[in-house]
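The values are calculated or read from the model by the stated rules, or taken from the named source; none is laboratory data. Note that the coordinates shown come from a computational prediction; the quantities given were computed from them, not determined experimentally. All Cβ positions, even for glycine, are placed from backbone atoms using ideal geometry, and neighbour counts span all protein chains on display.
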Amino acid sequence: MNNRQSKILEAIAKQQRIEVTDIAKRMNVSPVTIRKDLDQLEQRGLIRREHGFAYIETGANDGTDLVYNYEMKRRIAKAAAASVEENETVMIGCGSCCVILAEELTHTKKDITIITNSVFIANYINRAPYGKIILLGGYYQRDSQVLVGPIPDKNAQMFSPNKFFISASGFSETFGFTTNDFLTAQTIQELAKQARQVVMLFDSDRFSNSGVVKMASVESVDVIYTDDCIPPEKEALLLQNNVLVHKVSTSSAA
C-alpha cells in the first residue's frame, strides 16, 4: 500500500462515507487516479464503493478495523517486523496490526514463512512478492474470517515458531488482553503454547477498551509493541510483569 492510499483510508475512516471528487481534491490528483487507488483498496476488502462514493462497511473483521489509525498501526507493525530475521518462521494471529505486520514481512523479508489462522491475512498478502503461508485449518468464522476450534490447535502442534504475534481488542487490569469472541480467545491461547515468545501488537487507544473474554494474561505476554501514548499506569503494570515494552512515536505518525 502506497502513502497516498494510506491517507485515503484515513480520510474515509474519519467521514465513514466520502465522495471520490472530494478525495481527489484533498490528494491533489485526478479522480481517475483516485478511482484506481479505491479499486485496489476495495479488492483487498478495506472499503466499499458505490457510484461516486467510497465508504466503510461496518462489521467485525480485520479489513473494517484496519482503516482506523492506520498510520499508527503501520508504525507499530514495522517496528515489530524489524525483530524478525530472514529465513524465520513466525506465527501470526488475527487483528489489524497483525495484518499490516504480515504485509510488511512479505514485502521486506525474502524468505519468510507465516503460520496463521487468519484467512483474511492469507488473502490480503496473496500478491506479496515474498513469503510462504501456512493456514492452520479449522472452523471458518465468516464475519471475522478466522479459523478457530480444535483443528488449528491440533495442526499448530506440528510447529514450534520463535514468535507468535497477536493483537487484542481491549485490556483489563484483571484479565489482561481481551477480545469479544470466546472461540477466537480459546484458539489464540492454544496456539500461544507452541511459540517460544508471545508478542502483542497493541495501539494505545485500545487500553481504554475492555473486551468480555480473556485472550492473554499479562504474564503470558513477553513483548508488546505499542505507541508512546500508552497510559503510564498500564506501562508500569506491564513492566512489573516483565513484559518488554517497545514504543513508537505518535509525533512521527502525523
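List of remarks:
- Residue match in the stretch 133-143 (condition: assigned by TED's automatic domain parsing to the domain that holds S210, surrounded by fewer than 23 Cβ atoms within 10 Å (Cβ to Cβ), modelled with pLDDT of 95 or more and among the basic types (K, R)): no
- Just so you know, in the stretch 96-132 the residues that are in contact with a Phe, Trp or Tyr (Cβ under 9 Å, 6 or more places away or on another chain) and not in a helix (DSSP H, G or I) include one that is surrounded by the most Cβ atoms within 10 Å (Cβ to Cβ), and it is S118.
- Qualifying residues in the stretch 223-250 (those that are in a helix (DSSP H, G or I) and in contact (Cβ under 8 Å) with a residue 60 or more places away in the chain) - the one farthest from M72 (Cα to Cα): L237
- Subset tally (residues that are at pLDDT below 60 and assigned to a loop (DSSP other than H, G, I, E, B)) for the stretch 47-67: 3
For (1) within 13 Å of the chain's Cα centre (by Cα); (2) under 24 Å from M215 (Cα atoms); (3) among the basic types (K, R), each residue gets a yes or a no:
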residue: Y70; (1), (2), (3): yes, yes, no
residue: K78; (1), (2), (3): yes, yes, yes
residue: N87; (1), (2), (3): no, no, no
residue: V90; (1), (2), (3): no, yes, no
residue: C94; (1), (2), (3): yes, yes, no
residue: L105; (1), (2), (3): yes, no, no
residue: F120; (1), (2), (3): yes, yes, no
residue: Y130; (1), (2), (3): no, no, no
residue: Q141; (1), (2), (3): no, yes, no
